[in-house]
Each structure stands twice: as structure tokens, then as C-alpha cells.
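Some notes on the structure that comes next.
The values are calculated or read from the model by the stated rules, or taken from the named source; none is laboratory data. Owing to the predicted nature of the structure, the values given are computational and were not obtained by experimental measurement. Because the Cβ atoms are built from the backbone with ideal geometry, glycine has one as well, and the counts that use them run over all protein chains shown. The protein model used for the area step is the full one, side chains on, heavy atoms only, and it has no ligands, DNA or RNA in it. Shrake-Rupley method; radii C 1.70, N 1.55, O 1.52, S 1.80 Å.
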Amino acid sequence: MKLEEYFKIDGTKIMNIEDYFDIHGRYQLKNGVYNVFGSVYLIKKVEKLPCKFGKVSNSFYCLNNNLETLEGFPEFVGNFFDCRYNKLTSLKGCPTYIGNDFLCDENLQNNKEYKQYLILKKLRT
């Protein structure tokens, strides 16, 4: 599905979502939040996401980027969540549900938040 949705950032600048994301599947924009029925690939180098995601039914990939924050990331990711090779210092804003593997920077794997995630994941299985 070709995305032709435009939305405003900072009140004036209009951005084409295709300039930032490759979305495999379909999406719904509701109350400023994107829900994706498929997978999301971040394709532009950014320090933070230019929009907010709610639910992604499959995988969310944002690896090899310049991300400093997980602000705006989906709360629910049905499959893989890959945020490796960024400039993250915290997992604040990380999805609360990840259906499969959670891949993050090696320097964050010793982070308290990541260790808590691993414990909770083990308890769910």
C-alpha cells in the first residue's frame, strides 16, 4: 500500500511519512497516533521519531540510526522490536509489549530497565 498521508510537525512544516518510514502493510491514523497492521522500518536518520505510534501488529525496526530517545514508539509490537546501533541511554518509551525478540544496543543490555524486561518475559512464558 502506498502511503500518501501528510502530517504537520512543529505546527508549520508538512512532512511525507514515506520520507521517514517504509511500512509493509496498512495503517490507521487516529487522534495523532499511527496504528500499523504490518511492519515498520525507519529509513531516515533521526534523533527522535517525527510521529507517534500506538500499535504495530508485526515488527518495528529502527536499527542503525541516530536515535537518542524512544519517545513516540509503539506501546505494542506483535513480533520483533529492533533498536540496535543507536545513541540510546534509556529505555524510557520502549514498548510495554513485545511479542518476540527485543534487540537493543549492547550498552543498554546491562541497563536496569532491560533486565526487568527479561525477567518479565521469562515469567510470561
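Do the conditions hold for Glu18, that is, is it surrounded by 13 or more Cβ atoms within 10 Å (Cβ to Cβ), charged (D, E, K, R) and more than 24 Å from Lys112 (Cα to Cα)?
Working: surrounded by 13 or more Cβ atoms within 10 Å (Cβ to Cβ): yes; charged (D, E, K, R): yes; more than 24 Å from Lys112 (Cα to Cα): yes.
In short, yes.
Suppose we keep only residues that are open to solvent by less than 10 Å² (accessible area, probe 1.4 Å) and touching a Gly at 6+ places or on another chain (Cβ under 7 Å) within segment 50-74. Which one would you say is farthest from Thr89 (Cα to Cα)?
Selected residue: Val56.
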| What single numbered condition from (1) within 12 Å of the chain's Cα centre (by Cα); (2) part of a loop (DSSP other than H, G, I, E, B) fails to hold for Ser39? | (2)
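Do we have any residue at all in segment 81-94 that's small (Gly, Ala, Ser) and more than 8 Å from the chain's Cα centre (by Cα)? Step through it out loud before you land on a result.
Start the filter on segment 81-94 by keeping residues that are small (Gly, Ala, Ser), which leaves 90, 93.
Next, from what is left, pick out any that are more than 8 Å from the chain's Cα centre (by Cα): 90, 93.
Yes, segment 81-94 contains at least one residue that is small (Gly, Ala, Ser) and more than 8 Å from the chain's Cα centre (by Cα).
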| Cβ pairs under 8 Å, 6+ apart, first in segment 19-46 and at positive phi, second part of a loop (DSSP other than H, G, I, E, B) and open to solvent by 70 Å² or more (accessible area, probe 1.4 Å) | Gly25/Met1
| Does segment 27-42 hold any residues that are loosely packed, with under 13 Cβ neighbours inside 10 Å and either modelled with pLDDT of 95 or more or within 19 Å of Gly93 (Cα to Cα) (or both), and which are they? | Asn31, Gly32
| query | Using beta carbons and a limit of 7 Å, which pairs, at least six apart or on different chains, have the first residue in segment 95-108 and buried (at least 17 other Cβ atoms within 10 Å of the Cβ) and the second one among the acidic types (Asp, Glu)? | reply | Pro95/Glu75
| query | Would you pick out the residues in segment 75-88 that are surrounded by fewer than 22 Cβ atoms within 10 Å (Cβ to Cβ) and under 17 Å from Cys51 (Cα atoms)? | reply | Glu75, Phe76
